[in-house]
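Each reported figure results from applying straightforward, stated rules to the coordinates on display, with no laboratory input. Predicted model, so just to flag it, every value in this text is computed and none were measured. Cβ coordinates were reconstructed from backbone atoms using ideal geometry, including for glycine residues, and neighbour counts include every protein chain displayed.
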Amino acid sequence: MKKHVVLYKKLSEPLLARLQAHAQVTLVADPKRDDHAELRAALPHADGLLGASIRLDARLLDLAPQLKAISTVSVGVDNYDIPYLDRRGIALCNTPDVLTETTADTGFALIMATARRVVELASMVRNGDWTQNIGPAHFGSDVHGKTLGIIGMGRIGEALAQRGHFGFGMPVLYHSHSPKPAVEARFNAGYRSLEALLSEADFVCLTVPLTTQTEGLIGKEQLALMRPESILINIARGKVVDEHALIAALQSGKIRGAGLDVFEREPLNSDSPLLQMNNVVATPHIGSATHETREAMARCAVDNLISALQGERPANLVNLKGRELRG
Ligand code: NAP
């Protein structure tokens, strides 16, 4: 008999057909509505779950007694309680690699947009306020040749380093759990403590996962170490930064600007002070949001789930390493 999959994110027709060839699929169209009512109704029959952007905690997953695997359409796994999944023997799979280059592109878009004030000045033109040649009050700062600081030298961090080093002639500094000799050789990159990186880099880019260690990694003290002309770029997760402290640092001119794709609360409240600041470029969590990459992520998630439900080891298993999977 086919396994039962609860899908809480829409798939393209070819991917849905691929999943349906292996499983009976229930689509939950609006999983967050009414305290996840539709999702909660579907969970009791679920062998597998596929979706993204919902915190699937014990309160919800206790409703799914036969659940064997969750396939998230994301590389970040901060929406999951991994010790809980381990206890229940539920496999968790993610979608690394396929989104690396696109997310690094987003990081560079934010670097360029903040340094060259693209959004602010394009709005000036659009609003009909470009009435004379612009002068120093509207000048930006160079990107090429400036120091790129990367916090979290993993897949996306490396893709950023590649762009900075080869494309923009930027000296690269990085901070990670551990030094990476291969990265240092390839990009002529220098390992730094967090404190040293913050005080030396012109662009401080966050590419760490959200974990108990990285939550609030950048707070008031860390922002105080950054130079007044430096810019913070966050393409990791909102909670890696203390948003309140960031707002204060931007308001007082402690740092020049911020390019933010992620926020403590998403969607960002329309009354957030961040939206009143010309030196902030805010995007709606678009790190991997291109047609090509989102389709590749969904394909990867479908393949992971099909493997897991067949009792095979999926290509991108996050937990249960070294344990038998329940098919
Ligand atoms: P990855 O390859 O696992 O890289 C993460 C890096 O962070 C690793 O190099 C790791 O260091 C480092 N790290 C982890 N904890 C640290 C800590 N406490 N202090 C210093 N460094 C630490 O992951 P990835 O594929 O590059 O993705 C990174 C994150 O980006 C994801 O988890 C996700 O949250 C976020 N992301 C966001 C978007 C978006 O839409 N904005 C899109 C994709 C991903 P070691 O290698 O030394 O362990």
### Task
In nm, give the distance between the simple-model label positions of residue 252 and residue 53, each being 7 Å from the Cα along the Cα-to-Cβ direction.
3.5
## Note on the structure
Rounded to the nearest Å, the spacing of the alpha-carbon centers of segment 195-237 and segment 245-303 is 15
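In whole Å and largest first, what semi-axes does the C-alpha gyration tensor of segment 142-272 yield when each eigenvalue is scaled by 5 and square-rooted? Let's see the in-between values first.
Details: eigenvalues 111, 51, 35 Å².
One finds semi-axes of 24, 16, 13 Å for segment 142-272.
What translational D, rounded to a whole number of µm²/s, comes out for segment 69-127 from Stokes-Einstein when the hydrodynamic radius is the Kirkwood one over Cα pairs, at 10 °C and 1.306 mPa s? Could the numbers behind the result be given before it?
Numbers: Rh = 14.5 Å.
Roughly 109 µm²/s, to the nearest whole number.
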### Query
What span do the alpha-carbon atoms of the chain cover on each of the three principal axes, reported in whole Å from largest to smallest?
70, 48, 34
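Quick check on segment 1-154: what does the Kirkwood estimate of hydrodynamic radius come out to from the alpha carbon pairs, in Å?
Its Kirkwood hydrodynamic radius stands at 19.2 Å.
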### Task
Eight or more residues apart or on different chains, and alpha-carbon atoms under 15 Å: count the Lys pairs in the chain matching that.
7
### Task
Subtracting the Cα-Cα distance from 0.36 nm times the residue separation, let me have the gained length for residue 118 to residue 132 in nm, one decimal.
3.3 nm
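Which of the DSSP-defined H helices in the chain satisfy a minimum axial length of 18 Å, computed from C-alpha atoms, and a minimum mean Kyte-Doolittle hydropathy of -0.5?
Numbers: long enough: 100-115 (23 Å, 0.58); 291-309 (27 Å, 0.01).
Both cut-offs are met by 100-115, 291-309.
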### Summary
Note on the chain: contact order normalised by length, alpha-carbon pairs under 8 Å, 6 or more apart, percent, works out to 19
### Task
Take segment 224-327, drop everything but the C-alpha atoms, weight them equally and run the Debye formula without solvent; then report log10 I(q)/I(0) at 0.25 Å⁻¹ to two decimals.
-1.28
